[in-house]
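Have a look at the structure below, then the notes.
The values are calculated or read from the model by the stated rules, or taken from the named source; none is laboratory data. Note that the structure is a prediction, hence the values are computed from the model and not measured. When we count neighbours, we look across all protein chains shown, and the Cβ atoms used for this are built from the backbone with ideal geometry, even at glycine. Calculation scope for accessible area: heavy atoms of the full protein, side chains included, ligands and nucleic acids excluded. Shrake-Rupley method; radii C 1.70, N 1.55, O 1.52, S 1.80 Å.
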Amino acid sequence: MSATPPTGRPTGSDATPGTSSSGHPGESMHRFDAATEDLALAVLDRARQRLQLDPVPLDAPRAYDDLATAVGQTVTAAGLGGKQALDLFCDVLAEACLSTDHPRYLSFIPCAATEASTLFDLIVGASSVYGGSWMEGSGAVYAENQALRWIADLAGLPASAGGVFVPGGTTGNLSALMAARNEVRRREGTRRPLKVAAAATSHSSVSGACDVLDLDFVSVPLEPSDRGRLTGAALRRAFGDDRSDLAAVVATAGSTNLGVVDDLTSVADFCRAEGDQPRTWLHVDGAYGGAGLAAPSVRHLFDGIEHADSFIVDPHKWLFAPFDSCALLYREPALARAAHTQYASYLDVLTDRGEWDPADYAIGLTRRARGLPFWFSLAAHGTAAYTAAVERTLQVARAATAMVRDRPHLELVAEPELSVVAFYRRGWDTPDYSAWSQRLLDEQFAFVVPSSHEGRTCLRLAVVNPRTSEDDIAAILDTLD
Ligand SMILES: *Cc1c(COP(=O)(O)O)cnc(C)c1O
């Protein structure tokens, strides 16, 4: 390689300016050197091919030694060259990664991004946008905020609500609980041990956030009358009239394992200010289930969400956006700013402007404008297409529920509310489930891993991909006969 940095810009007489298509006055373009031009075409071609595969390959993980033999050392002093590194990724490394958008990838929470959002992700990368401040990224932040507004409106949050796209629900929950803790500290003018209450079915990242923030996580005991969800009654049983130690209550809007939505109305009622007790911060974790807000057939399950002080939903789960993207919203964004704004002399030029700086609303300063792929797809397709797509997955989940019910050797774990269907295979022990799951992956037929409920192994289908059909589900259930 020459002594010049690898910018892809040709040197000397090759550097003829081209014409810009952007129409900016005075803007011109440089031409890529031949190798970069080849690479550009190859990258775009590979991306296009991947998106056009039908079906996409399921693929499978490979053992480390196996990969080491196949791939060897990739980071070298001389460099492999772009084309070779690209081929190595596309032909070997990518095939050692499961395709989360395969229609029979139904484990965990799959991610099936729209073509529009994935294509636009290439533009986000090419645009060198800093998404942390309005000063640097106003156009991107404007667009992201419109996508956030759509979600805020679905939840019935006030016009003042706002927030930021963070990498995932884990960061979203942590950032929201940090704002909640800060608000109690500000009100009391002191720091003391505080608690966060949630059901045992809340996501592991909630208790993890409590560890980070040194808050005591209280798993609120449930009784049969709570029907497996956090309720105001359960909170009253646990805390009586004294909730002065509570920094926040976390309600889950769609538990990850079973898709259960907590009783948001009675939980919000518990959190209301009463007598001399100030209101308790209500955080609603809808990382998976929050997308159900867009679906009229399940919208009623979310009643009460309009009282949330903070709320998250991951577009990379059930809103058809690529990794990584979590929409974090606050009822009163000023309370989040008070917790998250970073002060430093080199940042004063930003802080002093008083504009909408996304970095003020979560942990993290530098940020990719990661809400843009979601925004673009939403803007391109319109919100009605989102409603239709979420409803389609619910329809398939309901069909799956009926199929499980019709098969005597299968037994539902619980009546599904959203798009997760969990069930037992009668007569099977854990090793049977594991062997079955591995066989389906080995045959490149489906990716369905076992889960468990109350200590008993079960199977779990998470339907968030509109390309997953009733036939896919039937084919999988047939292998359980
Ligand atoms: C997935 C999930 C999370 C964590 O989100 P990540 O994006 O994986 O960090 C939090 N809460 C719930 C309910 C989830 O389903």
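If you go through the range 256-273 and keep only what is in a loop (DSSP other than H, G, I, E, B), open to solvent by 10 Å² or more (accessible area, probe 1.4 Å) and at pLDDT 95 or above, you end up with Thr256, Asn257, Leu258, Val260, Asp263, Arg272. Assessment of the range 78-85 against the conditions (modelled with pLDDT under 95, open to solvent by 60 Å² or more (accessible area, probe 1.4 Å), part of a loop (DSSP other than H, G, I, E, B) and farther than 30 Å from Leu258 by Cβ) yields no matching residue.
Selection within the range 233-249: residues that are closer than 19 Å to Asn173 by Cα and among the small types (Gly, Ala, Ser). The member of this set that is farthest from the ligand (Cβ to nearest atom) is Ala247.
Restricted to the range 163-197, and to residues there that are of a type in the set (Gly, Ala, Ser) and surrounded by fewer than 24 Cβ atoms within 10 Å (Cβ to Cβ), the residue that is nearest to Pro278 (Cα to Cα) is Gly189.
Only residues that are under 15 Å from the mean Cα position of the chain (by Cα) and free of Cβ contacts under 8 Å to residues at least 12 places away in the same chain were counted across the range 160-203, and they come to 0.
Considering only residues that are among the aliphatic types (A, V, I, L, M) and in a loop (DSSP other than H, G, I, E, B), look in the range 194-225 and name the one that is farthest from the ligand (Cβ to nearest atom).
Leu194
The residue of the range 95-122 that is farthest from Pro373 (Cα to Cα), among those that are open to solvent by 40 Å² or more (accessible area, probe 1.4 Å) and touching a Phe, Trp or Tyr at 6+ places or on another chain (Cβ under 8 Å), is Arg104.
Would it be correct to say that Tyr346 is of a type in the set (Phe, Trp, Tyr) and at pLDDT 95 or above? Even if it seems obvious, please write down each step before you answer.
Numbers: of a type in the set (Phe, Trp, Tyr): yes; at pLDDT 95 or above: no.
No.
Looking only at the range 322-341, residues that are surrounded by 14 or more Cβ atoms within 10 Å (Cβ to Cβ) and more than 16 Å from the ligand (Cβ to nearest atom) come to 11 in all.
Being open to solvent by less than 50 Å² (accessible area, probe 1.4 Å), within 16 Å of the ligand (Cβ to nearest atom), hydroxyl-bearing (Ser, Thr, Tyr) and under 30 Å from Leu459 (Cα atoms): is that true of Thr252 here? If you could, list the steps in order and put the result at the bottom.
Values: open to solvent by less than 50 Å² (accessible area, probe 1.4 Å): yes; within 16 Å of the ligand (Cβ to nearest atom): yes; hydroxyl-bearing (Ser, Thr, Tyr): yes; under 30 Å from Leu459 (Cα atoms): yes.
So Thr252 passes the test.
Evaluation of Ala400 against the conditions (1) buried (at least 22 other Cβ atoms within 10 Å of the Cβ); (2) within 21 Å of Pro167 (Cβ to Cβ); (3) of a type in the set (A, V, I, L, M, F, W, C) shows that the sole unmet condition is (2). Each residue in the range 134-160 was checked for being part of a loop (DSSP other than H, G, I, E, B) and crowded, with 23+ Cβ neighbours inside 10 Å, and 1 pass. Scanning the range 229-249 for residues that are outside any helix (DSSP H, G or I) and surrounded by fewer than 20 Cβ atoms within 10 Å (Cβ to Cβ) yields a total of 5. Which residues, counting only those in the range 287-336, are over 17 Å from Tyr361 (Cβ atoms) and in a loop (DSSP other than H, G, I, E, B)? Within the range 287-336, Tyr288, Ala295, Pro296, Ser297, Val298, Asp303, Gly304, Leu319, Phe320, Ala321, Pro322, Phe323 meet the criteria. In this structure, does Leu222 turn out to be open to solvent by 10 Å² or more (accessible area, probe 1.4 Å) and either touching a strand residue (DSSP E or B) at 6+ places or on another chain (Cβ under 8 Å) or assigned by TED's automatic domain parsing to the domain that holds Asp245 (or both)? Here the answer is yes, as Leu222 does meet what is asked. When the range 269-290 is filtered for residues that are away from the ligand (no atom under 16 Å from the Cβ) and touching a helix residue (DSSP H, G or I) at 6+ places or on another chain (Cβ under 9 Å), the ones remaining, listed by number, are Asp269, Phe270, Cys271, Arg272, Pro278, Arg279, Thr280, Trp281.
Scanning the range 355-386 for residues that are within 22 Å of Leu301 (Cβ to Cβ) and open to solvent by less than 40 Å² (accessible area, probe 1.4 Å) yields a single hit, Tyr386.
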